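What follows is a single structure, written as structure tokens, with notes after it.
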Amino acid sequence: MEQFWDDRYSTSQFVYGKEPNGFFAAELSKREPGFILLPGEGEGRNAVHAALSGWEVDAFDQSKVGRDKALAFASSSGVVINYRICPLEEFPFQANYYDVVGLTFFHAHDPYRTYLHKQVCNTLLPGGTVILEAFHKEQLGKNTGGPQSLEMLFDEEMLLSDFAGLEPVLLEKQIVTLNEGPFHQGEASVIRFAGIKPA
């Protein structure tokens, strides 16, 4: 997958745009800045937005091309982000460390999905929040973004199970019109989740 993402990000264009994901940005604005982790951050649109909003940003991805674009984007925006290149299973999740973890269209086969979500629960501070938007299983067959594998798509039951240790604040399926670069365009079925780690 490293080569797949390097190839996708190899254009000068930002393939998911430079604007942050709308749901992520709206939820983040409700919270006081602190430490945030952004797994699978790609070209840095959410990381730069968070840094501009006063957050201390850690991010990781497996694509060096994506990381280089993100760091250049951050520099041109006058902010600093800490961005590591590593596979998911090699990222050193620190227990009880982050105020927010943002997961934006991070789709993975099991057991990587359940591993990631378990680590997210562990790395959140008590009172910390996960903000997640991903493609719903009803996105299968649509050409407006996301993997065409039912196993890699989400539904409400899956998220409640994966994040059973969190208190759900929001969980909803929505039909939205995506306008996030050339690969997220048009009507799509997404799922949105926000959950808080009990204090």
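Looking across the stretch 70-89, just one residue is surrounded by 23 or more Cβ atoms within 10 Å (Cβ to Cβ) and not β-branched (Val, Ile, Thr), and that is Ala70. Any idea how many residues of the stretch 7-37 are part of a helix (DSSP H, G or I), of a type in the set (Asp, Glu) and loosely packed, with under 15 Cβ neighbours inside 10 Å? Summing the residues that are part of a helix (DSSP H, G or I), of a type in the set (Asp, Glu) and loosely packed, with under 15 Cβ neighbours inside 10 Å in the stretch 7-37 gives 1. Quick check on the stretch 84-125: of everything there that is hydroxyl-bearing (Ser, Thr, Tyr) and more than 14 Å from the chain's Cα centre (by Cα), which residue is farthest from Leu71 (Cα to Cα)? Filtering first and then ranking leaves Thr114. Applying the condition of being farther than 21 Å from Gly186 by Cβ and of a type in the set (S, T, N, Q) to the stretch 1-32 and asking which residue is modelled with the highest pLDDT yields Ser29. Taken over the stretch 137-161, the residue count meeting the criterion of being in contact (Cβ under 8 Å) with a residue 12 or more places away in the chain and either over 11 Å from Ile191 (Cβ atoms) or assigned to a loop (DSSP other than H, G, I, E, B) (or both) is 13.
When Thr114 is tested against (1) exposed (fewer than 15 other Cβ atoms within 10 Å of the Cβ); (2) closer than 29 Å to Gln13 by Cα; (3) touching a helix residue (DSSP H, G or I) at 6+ places or on another chain (Cβ under 8 Å), only condition (2) is not met.
Taking the stretch 170-194 as the range and being loosely packed, with under 15 Cβ neighbours inside 10 Å and small (Gly, Ala, Ser) as the test, only Gly186 passes. For the stretch 152-164, the count of residues that are surrounded by fewer than 20 Cβ atoms within 10 Å (Cβ to Cβ), among the charged types (D, E, K, R) and within 26 Å of Ser10 (Cα to Cα) is zero. When the strands (runs of 3 or more DSSP E) confined to the stretch 48-123 are screened for residues that are free of Cβ contacts under 8 Å to residues at least 40 places away in the same chain, those reaching at least 1 such residues are found at 56-61, 82-85. Here Thr129 fits the description: among the hydroxyl-bearing types (Ser, Thr, Tyr), under 22 Å from Ile36 (Cβ atoms) and either in contact with a strand residue (DSSP E or B) (Cβ under 6 Å, 6 or more places away or on another chain) or not in a strand (DSSP E or B) (or both). When the criteria are applied in full, Gly66 fails the requirement of being at positive phi, in contact with a Gly (Cβ under 8 Å, 6 or more places away or on another chain) and either surrounded by 22 or more Cβ atoms within 10 Å (Cβ to Cβ) or at pLDDT below 95 (or both).
The values are calculated or read from the model by the stated rules, or taken from the named source; none is laboratory data. Every value quoted in this text rests on a predicted model; they were computed, and no experiment measured them. Ideal geometry is used to build each Cβ from the backbone, glycine not excepted, and the neighbour counts take in all protein chains shown.
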